[in-house]
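Computed from the coordinates by the stated procedures, all read-outs in this text should not be read as laboratory data. Since the structure is predicted, the reported quantities are computational estimates derived from the model, not experimental observations. With ideal geometry, Cβ positions are generated from the backbone for all residues, glycine too; neighbour counts draw on all protein chains shown.
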Ligand code: COA
């Protein structure tokens, strides 16, 4: 059964996690399908933005599939690291470094990996029914897919530790107040609002958009000094896909100045 749905309309792709009976929990097959779809959409010049959401009324994603990763954990540490931890880290790293605007449209519960995906996504809107939580500590381990690193950078160390150490959910209003997401919208308007945001960004040069995404993400993940490149870009991939030669030159200039 397909657990990831996808459609592209007017240059905007919508990917939907589709395991509603399991609150869109991410099993390995779904993580792999999501990675593959993101790769494909990233390489398609006709796609200008990607929206990621969840199927059904209840959940964006209730996190990694507990039943499946429990099997890997039982098979030993090496197996758990390979099957579960590295797979999930690869996914959130991919989402964080995505070269097109990727908008998480959080339609309900975003727990565990569901929360980590929202953290990694460059932009996130949430329905007024959304709730975010880091329940991993109840299972006896820290958030494994980058949550210990990205959440404090996004919302501050103390707020992040409160979420990580208590496992208590916060609602969408609190999430926007602390900077975990961009905006709360009415549940029924979530996808249309996500499309409007995607459209507004997609009007700009893809090369410039990619350069902004890369610069901001790179800057957050290194020291301020380390964020300045040691040499100007030579011929990065996004320079070869400009809407115009001028946009290309300007984007390269921005990258070489580290802005
Ligand atoms: N992995 C696998 N299955 C999950 C899941 C997960 N992370 N989260 C929910 N499900 C499944 C449940 O097992 C249940 O399946 P079933 O009907 O076949 O038994 C179904 O989704 C509905 O979940 P349920 O627990 O009955 O819903 P609820 O409204 O009572 O509770 C939650 C919702 C989110 C509070 C609860 O499901 C939960 O705590 N899930 C685990 C969250 C978590 O720890 N995530 C991090 C994993 S690292």
**Prompt:** Which distance in nm do the two modelled labels at residue 82 and residue 9 give, with both placed 7 Å along the Cα-to-Cβ direction?
**Reply:** 4.3
**Prompt:** Percentage of Cα-Cα pair distances in segment 98-172 greater than 20 Å, rounded to whole percent?
**Reply:** 24
**Request:** Quote to one decimal, in nm, the extra length available between residue 196 and residue 173 on full extension: 0.36 nm per residue of separation minus the C-alpha distance between them.
**Result:** 6.2 nm
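Highest mean first, how do 188-195, 207-214 rank when packing is the count of other Cβ atoms within 10 Å averaged over residues? If you can, show how the numbers build up before the last one.
Working: 188-195: 17.1, 207-214: 21.5.
In decreasing order of mean packing, 188-195, 207-214 become 207-214, 188-195.
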**Prompt:** At 37 °C and 0.692 mPa s, what whole-number value in µm²/s does Stokes-Einstein give for the translational diffusion of the chain, with Rh from the Kirkwood sum over Cα pairs?
**Reply:** 175
**Complete:** For the chain, percent of DSSP beta bridges that are antiparallel (nearest 5) comes out at 25
**Request:** Quickly estimate the mean residue ellipticity at 222 nm for the chain, helices only: each DSSP H run with n ≥ 4 gives -39500 (n - 2.57), and the total goes over all residues, rounded to 500.
**Result:** -13500 deg cm²/dmol
**Item:** Cα-based Rg / Dmax (Å) for segment 1-81
**Value:** 14.5, 46
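Can you give me the relative contact order of the chain as a percent, contacts being Cα pairs under 8 Å and 6 or more apart?
Worked out over the chain, it gives 16 percent.
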